[in-house]
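Peer 1: A single structure is presented below for examination.
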Number of protein chains: 2
Amino acid sequence: MIKPRSRRGGGRPTIADVARKAGVGAITVSRALREPERVSEELRRQIQAAVDELGYVPDPNARALASARAEVFGVLVPSLTNNVFAEVVRGIYDSLSASPFRIQLGNTHYSGLEEERLLQVFGSQRPAALIVAGIDQTPTSRKLLESAGCPVVQVMETGPDPVDMMVGFSHLDGGRTATEHLIEAGYRRIGFIGARMDPRSQRRLAGYRAAMEAAGLFDPRLVTTTPVLSSVSLGREMLRDALAKVPTLDGVFCNNDDIALGVLFECHRASIAVPKTIGIVGFNDLDMMQVAFPSITSIRTHRYEIGRRAVAMALAAIAGNRPEQRIVDLGFELKRRESTAR
Amino acid sequence: MIKPRSRRGGGRPTIADVARKAGVGAITVSRALREPERVSEELRRQIQAAVDELGYVPDPNARALASARAEVFGVLVPSLTNNVFAEVVRGIYDSLSASPFRIQLGNTHYSGLEEERLLQVFGSQRPAALIVAGIDQTPTSRKLLESAGCPVVQVMETGPDPVDMMVGFSHLDGGRTATEHLIEAGYRRIGFIGARMDPRSQRRLAGYRAAMEAAGLFDPRLVTTTPVLSSVSLGREMLRDALAKVPTLDGVFCNNDDIALGVLFECHRASIAVPKTIGIVGFNDLDMMQVAFPSITSIRTHRYEIGRRAVAMALAAIAGNRPEQRIVDLGFELKRRESTAR
DNA sequence: CTGCGTAATGGTAGCGCTACCATTTTCGCC
DNA sequence: GGCGAAAATGGTAGCGCTACCATTACGCAG
């Protein structure tokens with residue numbers, strides 16, 4: 001004898017309830033919701049009415065299980081509070097808000113191991129796409145990405161060897177451009193100040209070094225770095241360190257804008273004239289750079305656009321028309337401002 | 001005749017594969033992974049070996065479907081780039097990284113309608129808990145939260161009528177404290193400058209107003225607000241507006257630190273002495289406040305801690321011991337700095 | 001030696017949905 | 001008018017897991 005066991009799931013309406021009410025088969029309801037064009041006008045209306053009346057919402061878990069594919073984008077970034085990644089993530093969210101896709105956001109804390117762990121967890125959900133920051137995945141992570149069975153977009157940087165697709169720009173070129181600008185403006189003892197030396201910062205440093213060497217100005221003592229997470233207060237301290245090492249310092253290319261702002265404040269505090277005595281260049285061009293007094297020269301990067309573009313490429317790939325241009329370089333822009341106007 | 005149809009899901013090992021390899025029943029594998037203490041030492045080891053060898057990772061979708069409960073925390077915040085919420089979210093992520101729970105993060109863009117939509121989407125997943133920013137949900141949202149069938153924590157604010165639990169502080173008291181500090185420091189024509197006037201900002205304004213009225217100093221022309229999203233550059237513009245309306249302005253309580261920083265920069269640019277001619281107080285106490293020149297007085301709020309506490313309360317509730325203190329006020333702290341040291 | 005509580009394990013039947021394969025209906029065209 | 005193809009709809013059998021009940025093994029009181 002079959003016991004009509006009471007529903008395990010708290011009694012929410014299921015697709016079968018909708019089907020019954022609309023007088024159609026369950027599969028037709030399923031289709032009406034996912035591929036409306038394959039269901040006749042009339043049934044579609046009947047089904048919609050039943051859905052509305054019952055307040056039916058499809059269970060994404062059951063969907064994922066049955067179709068072996070979850071409507072989820074996995075997104076991995078190294079930091080949630082760093083405005084740069086927050087902007088990328090915002091771009092991703094905005095591009096996906098009108099779609100059925102949900103977002104699974106992971107924070108790697110700049111750790112390769114944590115990235116591997118999260119990739120493992122995300123992969124187990126059979127995501128529709130994966131978006132990861134950076135191009136320096138560990139071999140294990142790379143393998144996980146390659147075997148994920150979904151489109152993968154690496155963002156923030158471009159490089160020669162994408163797992164699948166890439167959207168970003170060259171941090172090396174950015175660093176070089178910033179440094180060349182200082183050199184052209186007449187600065188000579190130009191320091192590099194960098195916190196949280198992740199791979200992208202390393203490449204900006206490499207760009208700095210290339211420019212300095214090309215001009216015959218490079219001196220290792222001009223480089224000040226720390227693995228500590230960057231912050232405005234750290235910028236202040238690091239300028240002091242840099243000046244202690246090289247009192248004749250007359251310019252700084254900062255790893256990022258937080259550091260640059262800290263440097264500016266320390267200059268105010270120590271009555272160092274900007275741009276006269278010291279020139280300052282930041283990186284990323286946060287809103288505050290143009291408002292600062294004096295306004296700060298920076299490399300404008302297109303974070304929000306990177307997020308949007310990554311989603312667009314992933315969606316195209318999901319739809320079956322993988323973009324022929326797999327590596328998209330969104331470039332950057334040197335914003336000349338008062339802090340280097342000597 | 002039964003066709004041994006090839007596996008739909010890309011051939012990843014399932015719990016049945018593990019069970020076969022370990023020579024036990026599937027249900028025992030399930031138990032070994034979820035409640036190891038209920039399985040004998042020996043089988044546990046055998047099963048673990050099989051799991052490792054096959055590289056088995058449980059499918060969270062199947063789990064959620066079978067148990068009618070997903071291991072997901074739904075988190076709703078109004079903005080991803082606002083550092084304040086980014087910190088809360090970071091606290092949540094850090095507290096949950098060692099647990100099996102995933103996080104579903106939603107961005108409401110300060111919109112009640114969008115919040116309702118996301119709540120609907122999140123609810124359909126049967127999350128383990130919901131964390132939402134603010135206490136001003138629409139009636140529909142509130143109903144959705146009440147019927148979610150899981151612990152709910154409202155964060156950032158405290159109020160009299162929690163859906164379930166609350167962690168935050170009083171924005172009204174914060175606004176009052178900031179304003180009283182300016183009054184005590186001797187400022188009289190104290191303005192309020194606020195962007196993005198969400199409910200929390202409204203309450204900070206109410207606190208400002210209460211303090212000003214108590215001192216007999218209130219004047220509606222001192223209040224300058226805009227619904228535009230706050231930014232440093234907006235702070236600069238708004239100070240200009242405020243000064244145009246009230247040239248005798250001698251202090252400003254800013255909605256938040258971005259605005260305060262913009263105000264400071266504008267003072268520099270217009271050669272207005274801080275704190276002598278104008279005193280400035282911010283809100284939230286971002287890192288840069290203490291580094292700014294002059295350093296800026298602000299109300300320190302405990303964002304990261306709010307995130308951690310919210311998770312701790314939710315986890316306790318899930319475990320069955322709902323905290324007896326359902327409303328947790330984490331308070332705030334007035335950080336006196338140079339910008340109000342007259 | 002029986003009876004019975006407890007611990008350890010397993011079988012069965014779904015959870016709510018969709019892939020896959022019918023089946024039915026419609027329609028254009030010779 | 002008949003036929004094949006295409007469009008519209010439905011049935012069945014899972015997806016991979018766990019809730020809910022057995023069932024077995026074991027220890028101990030009576």
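The values are calculated or read from the model by the stated rules, or taken from the named source; none is laboratory data. Owing to the predicted nature of the structure, the values given are computational and were not obtained by experimental measurement. Here the Cβ positions follow ideal geometry from the backbone for every residue, glycine too, while neighbour counts run over all protein chains shown.
Peer 1: Under 22 Å from A:R63 (Cβ atoms) and either out of contact with any helix residue (DSSP H, G or I) (no Cβ under 7 Å at 6 or more places or on another chain) or facing chain B (nearest Cβ under 7 Å) (or both): is that true of A:Q120 in this structure?
Peer 2: In short, no.
Peer 1: Identify the residue in the range B:79-90 that is in contact with a Lys or Arg (Cβ under 8 Å, 6 or more places away or on another chain) and part of a loop (DSSP other than H, G, I, E, B) and, among all such residues, is farthest from DNA strand C (Cβ to nearest atom).
Peer 2: Within the range B:79-90, the match that is farthest from DNA strand C (Cβ to nearest atom) is B:T81.
Peer 1: If B:Q46 satisfies all but one of (1) part of a helix (DSSP H, G or I); (2) under 37 Å from the mean Cα position of the chain (by Cα), what's the number of the condition it fails?
Peer 2: (2)
Peer 1: For residues in the range B:51-65 being buried (at least 20 other Cβ atoms within 10 Å of the Cβ) and away from DNA strand C (no atom under 12 Å from the Cβ), which is farthest from B:F101 (Cα to Cα)?
Peer 2: Selected residue: B:V51.
Peer 1: For the range B:13-38: of the residues being assigned to a loop (DSSP other than H, G, I, E, B) and either within 11 Å of DNA strand C (Cβ to nearest atom) or surrounded by fewer than 18 Cβ atoms within 10 Å (Cβ to Cβ) (or both), which is nearest to the other protein chains (Cβ to nearest Cβ)?
Peer 2: The initial filter retains those residues of the range B:13-38 that are assigned to a loop (DSSP other than H, G, I, E, B), namely B:13-14, B:23-25, B:35.
This time we only want the ones that are either within 11 Å of DNA strand C (Cβ to nearest atom) or surrounded by fewer than 18 Cβ atoms within 10 Å (Cβ to Cβ) (or both), so: B:13, B:23-25, B:35.
Working: B:P13: 11, B:G23: 24, B:V24: 22, B:G25: 21, B:E35: 19 Å.
By that ranking, first place goes to B:P13.
Peer 1: Scan the range A:218-237 and give yes if some residue there is under 16 Å from A:Y187 (Cα atoms) and among the hydroxyl-bearing types (S, T, Y), otherwise no.
Peer 2: No.
Peer 1: Output the residues belonging to the range B:79-93 that are more than 7 Å from chain A (Cβ to nearest Cβ) and of a type in the set (V, I, T).
Peer 2: If the condition is that a residue be more than 7 Å from chain A (Cβ to nearest Cβ) and of a type in the set (V, I, T), then B:V84, B:V88, B:I92 are the ones that fit.
Peer 1: Give the range A:319-336 a look and list any residue that's at pLDDT 95 or above and of a type in the set (A, V, I, L, M, F, W, C), or say none.
Peer 2: If the condition is that a residue be at pLDDT 95 or above and of a type in the set (A, V, I, L, M, F, W, C), then A:I327, A:V328, A:L330, A:F332, A:L334 are the ones that fit.
Peer 1: Okay, next question. Of the conditions (1) closer than 20 Å to B:I318 by Cα; (2) modelled with pLDDT of 95 or more; (3) within 14 Å of chain A (Cβ to nearest Cβ), B:Q125 fails just one. Which one is it?
Peer 2: (2)
Peer 1: Still on this structure, I have one more. Quick check: is even one residue across the range B:291-298 more than 12 Å from chain A (Cβ to nearest Cβ) and modelled with pLDDT of 95 or more?
Peer 2: Yes, the range B:291-298 contains a residue that is more than 12 Å from chain A (Cβ to nearest Cβ) and modelled with pLDDT of 95 or more.
Peer 1: Could you grab the pairs with beta carbons closer than 9 Å, sequence gap of 6+ or different chains, first residue in the range A:45-66 and on the phi > 0 side of the Ramachandran plot, second one within 12 Å of DNA strand C (Cβ to nearest atom)?
Peer 2: What qualifies is A:G55/A:R12; A:G55/A:P13.
Peer 1: Among the residues of the range B:21-80, write down those that are under 30 Å from B:Q137 (Cβ atoms), hydrophobic (A, V, I, L, M, F, W, C) and more than 8 Å from DNA strand D (Cβ to nearest atom). Explain how you work it out, then say what you get.
Peer 2: Initial filter on the range B:21-80 (under 30 Å from B:Q137 (Cβ atoms)): B:60-61, B:63-65, B:67-80.
Filter once more, keeping what is hydrophobic (A, V, I, L, M, F, W, C): B:64-65, B:68, B:70, B:72-73, B:75-77, B:80.
Within the range B:21-80, B:A64, B:A70, B:V72, B:F73, B:V75, B:L76, B:V77, B:L80 qualify.
Peer 1: Would you pick out the residues in the range B:305-342 that are surrounded by fewer than 23 Cβ atoms within 10 Å (Cβ to Cβ) and polar (S, T, N, Q)?
Peer 2: B:N321, B:Q325
Peer 1: If I filter the range B:278-304 down to residues being more than 16 Å from the chain's Cα centre (by Cα) and in a loop (DSSP other than H, G, I, E, B), which single residue comes out as surrounded by the fewest Cβ atoms within 10 Å (Cβ to Cβ)?
Peer 2: B:D287
Peer 1: For the list (1) among the hydroxyl-bearing types (S, T, Y); (2) at pLDDT 95 or above; (3) touching a Lys or Arg at 6+ places or on another chain (Cβ under 9 Å), I need the number of the one condition that A:Y93 fails.
Peer 2: (3)
Peer 1: Please specify each residue of the range B:305-342 satisfying the condition of being without any contact (Cβ under 8 Å) to a residue 60 or more places away in the chain and assigned to a strand (DSSP E or B). Lay out the reasoning, then the answer.
Peer 2: Of all residues in the range B:305-342, those without any contact (Cβ under 8 Å) to a residue 60 or more places away in the chain come to B:316, B:319-321, B:324-325, B:333, B:335, B:337.
Correct list: B:E333, B:K335.
Peer 1: Follow-up. Quick one: in the range A:213-259, of everything that is hydroxyl-bearing (S, T, Y) and in a loop (DSSP other than H, G, I, E, B), which residue is farthest from the other protein chains (Cβ to nearest Cβ)?
Peer 2: Here the residue is A:T248.
Peer 1: May I ask you to say which residue of A:I278, A:I318, A:I296 is over 18 Å from A:G174 (Cβ atoms) and assigned by TED's automatic domain parsing to the domain that holds A:V232? Steps first, please.
Peer 2: On the way: A:I318 fails: assigned by TED's automatic domain parsing to the domain that holds A:V232; A:I296 fails: over 18 Å from A:G174 (Cβ atoms).
Among A:I278, A:I318, A:I296, only A:I278 is over 18 Å from A:G174 (Cβ atoms) and assigned by TED's automatic domain parsing to the domain that holds A:V232.
Peer 1: May I ask you to say which residue of B:L217, B:L222, B:L234, B:L243 is under 27 Å from the mean Cα position of the chain (by Cα) and among the hydrophobic types (A, V, I, L, M, F, W, C)?
Peer 2: After ruling out the rest, the residue left standing is B:L234.
Peer 1: Could I ask something else about it? Residues that are in a helix (DSSP H, G or I), surrounded by fewer than 21 Cβ atoms within 10 Å (Cβ to Cβ) and within 10 Å of chain B (Cβ to nearest Cβ): does the range A:66-78 have at least one? Give the steps one after another, and end with the answer.
Peer 2: From the range A:66-78, those in a helix (DSSP H, G or I) are A:66-67; that's our starting set.
With surrounded by fewer than 21 Cβ atoms within 10 Å (Cβ to Cβ) added as a condition, the list becomes A:66-67.
Those left that are additionally within 10 Å of chain B (Cβ to nearest Cβ): A:66-67.
Yes, the conditions are met somewhere in the range A:66-78.
The rows are residues; the columns are (1) in contact with a helix residue (DSSP H, G or I) (Cβ under 6 Å, 6 or more places away or on another chain); (2) closer than 30 Å to A:A64 by Cα.
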| residue | (1), (2) |
| --- | --- |
| B:Q154 | no, yes |
| B:D164 | no, no |
| B:F169 | no, no |
| B:L172 | yes, no |
| B:R176 | yes, no |
| B:A185 | yes, no |
